Amino acid sequence: MKRFPFSTAPMEPTVSGPNHPELVEVSINTVKLTMEVDTGAGVSLIPEYIQVYQKRLFQCQLKTTFLCLRGVSGPIITVL
């Protein structure tokens with residue numbers, strides 16, 4: 001997992017809850033993305049296979065990491 005320089009900007013106030021996630025605009029290498037805030041997460045991930053990565057972050061080179069991540073129910077999440 002590569003750590004990209006990023007910044008966040010508040011968005012319009014939203015109603016949060018199970019059906020209304022809290023959103024924030026994130027800028028990664030000058031590419032602006034809207035992401036969901038998860039206050040219980042230690043890291044935020046963007047799957048390589050989704051269109052956001054393939055179409056908007058393709059210029060960001062992924063580097064090897066030795067992090068071992070687990071999902072909330074215990075399965076290991078493979079990090080590129």
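Read the figures in this text as sums done on the coordinates, not as results from a lab. Given the structure is predicted, the values throughout are model-derived calculations rather than measurements. Positions of Cβ are backbone-derived with ideal geometry, glycine not excepted, and every protein chain shown enters the neighbour counts.
What are the chymotrypsin sites (Phe, Trp or Tyr not before Pro) within segment 46-80 that DSSP puts in a loop, where the Cβ has at most 15 other Cβ atoms within 10 Å?
Tyr49, Phe58, Phe66
Calculate the FRET efficiency for Thr65 and Glu22 from the Cβ-Cβ distance with a Förster distance of 22 Å, rounded to the nearest 0.05.
0.25
Report the gain in length on full extension from Thr30 to Ile76: 0.36 nm times residue separation, minus Cα-Cα distance, nm rounded to one decimal.
Once the chain is fully extended between Thr30 and Ile76, it gains 13.5 nm.
What does the charge count around Glu22 come to, taking other residues whose C-beta lies under 10 Å from its C-beta (Lys +1, Arg +1, Asp -1, Glu -1)?
Surrounding charge for Glu22 is -2.
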